[in-house]
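The values are calculated or read from the model by the stated rules, or taken from the named source; none is laboratory data. All figures in this text were calculated on a predicted structure; none of them were measured in a lab. No Cβ is skipped: glycine too gets one built from the backbone with ideal geometry, and neighbour counts run over all protein chains shown.
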Amino acid sequence: MKYIIYILLGILQGFTEPLPISSSGHLRLFKELFNTNMLDDLNFEIFVNFGSFIAILIIFFPDIVKLIKSFFSYIFDKKKRKETYNDFKYCMLIIVGSIPVGIVGALFKDKIESALSIKLLGVAFLITAISLFLVKNANGNKTDKDITYKDALIIGLLQMVALCPGISRSGTVLVGCLLCNLKKDSALKYTFMLYFPVSVASMGLGVLDFIEAGTSSDLIMPYILGMIAAGVVTYLSYQWLSNIVRKGKLWKFSIYCLLLSIFIFIYFR
């Protein structure tokens, strides 16, 4: 039963991680509904987040390799600066877009999460629903090379709001990208490029806690199974999301988040 539960939690994490419906909000709701303390297990959270990270890394690996090579070529090879400028600028846009959430996350993340009640979680899902509905007709024309530093800062400030469980990080960043007039493919790519700095920083801190706290040996295998489940489902979930974004159907997630918010207000009244 323990194995099955950890696999199911891994599937829940993997399914909700890429989608604009807040994985942290769903895990918090799951905890409240089933009154389980398994979701307070920081070590398990590290494992399943790592599974999702690997899946998204695989999806964007060619883009990441190209950006890293171009970034250092621009810095160290003057002859290649013209041809690598766009990729270098894109890397800088990722850095600029990550700064706000990095600062606020380091200072207030634990306080924000500890202060969140189940009713506020319902409000957070409602905010996600409204924001997704606002961009249902968005059809921008900016490509990767057209993103400005102002766009990156605006999107980064919106990503900062998603530190609150229930407000989707991917959903908020997608909304920001679409409001800044990015094309759907460019919006999707930039959304998940911003995922990597945040995820790496969170996992780095988590690994330090994991090493300090240790874990029971009989939990290692359930953790690994949960991680594998999260990785596989994250990969499939992203493919589904990319198709929905390209078809301009983000409003479907808006309806889902609205229904989830209504459910929380009624069930936990």
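Kindly check whether there is at least one residue in region 145-159 that is in contact with a Ser or Thr (Cβ under 7 Å, 6 or more places away or on another chain) and under 21 Å from residue 253 (Cβ atoms). Among the residues of region 145-159, at least one is in contact with a Ser or Thr (Cβ under 7 Å, 6 or more places away or on another chain) and under 21 Å from residue 253 (Cβ atoms), which makes the answer yes.
Only a single criterion out of (1) over 18 Å from residue 18 (Cα atoms); (2) of a type outside the set (S, T, N, Q); (3) out of contact with any Asp or Glu (no Cβ under 9 Å at 6 or more places or on another chain); (4) at pLDDT 95 or above is not satisfied by residue 211, namely (4). Condition check for residue 81 on (1) within 18 Å of the chain's Cα centre (by Cα); (2) modelled with pLDDT of 85 or more: one failure, at (1).
All conditions in (1) of a type outside the set (Val, Ile, Thr); (2) within 26 Å of residue 238 (Cβ to Cβ); (3) part of a helix (DSSP H, G or I) hold for residue 20, with the sole exception of (3). Taken over region 87-99, residues that are more than 22 Å from residue 172 (Cβ to Cβ) and touching an Asp or Glu at 6+ places or on another chain (Cβ under 7 Å) amount to 0.
When residue 157 is tested against (1) under 24 Å from residue 70 (Cβ atoms); (2) touching a helix residue (DSSP H, G or I) at 6+ places or on another chain (Cβ under 6 Å), exactly one condition is not met: (1).
Quick check on residue 62: is it under 22 Å from residue 159 (Cβ atoms) and either under 20 Å from the mean Cα position of the chain (by Cα) or not aliphatic (A, V, I, L, M) (or both)? It is false that residue 62 is under 22 Å from residue 159 (Cβ atoms) and either under 20 Å from the mean Cα position of the chain (by Cα) or not aliphatic (A, V, I, L, M) (or both).
Only residues that are more than 26 Å from residue 157 (Cβ to Cβ) and either buried (at least 17 other Cβ atoms within 10 Å of the Cβ) or among the β-branched types (Val, Ile, Thr) (or both) were counted across region 69-86, and they come to 5. For region 179-191, filtered to residues that are in a helix (DSSP H, G or I) and either without any contact (Cβ under 8 Å) to a residue 60 or more places away in the chain or touching a Phe, Trp or Tyr at 6+ places or on another chain (Cβ under 6 Å) (or both), the residue that is surrounded by the most Cβ atoms within 10 Å (Cβ to Cβ) is 191.
Yes or no: region 102-114 includes at least one residue that is closer than 29 Å to residue 252 by Cα and polar (S, T, N, Q). Looking for residues that are closer than 29 Å to residue 252 by Cα and polar (S, T, N, Q), one finds none in region 102-114, hence no. Which residues, counting only those in region 87-126, are among the polar types (S, T, N, Q), surrounded by fewer than 16 Cβ atoms within 10 Å (Cβ to Cβ) and part of a helix (DSSP H, G or I)? Hit for region 87-126 is 114, nothing else. Residues that are farther than 16 Å from residue 91 by Cβ and of a type in the set (Lys, Arg) within region 136-154 comprise 136, 142, 150, listed in sequence order.
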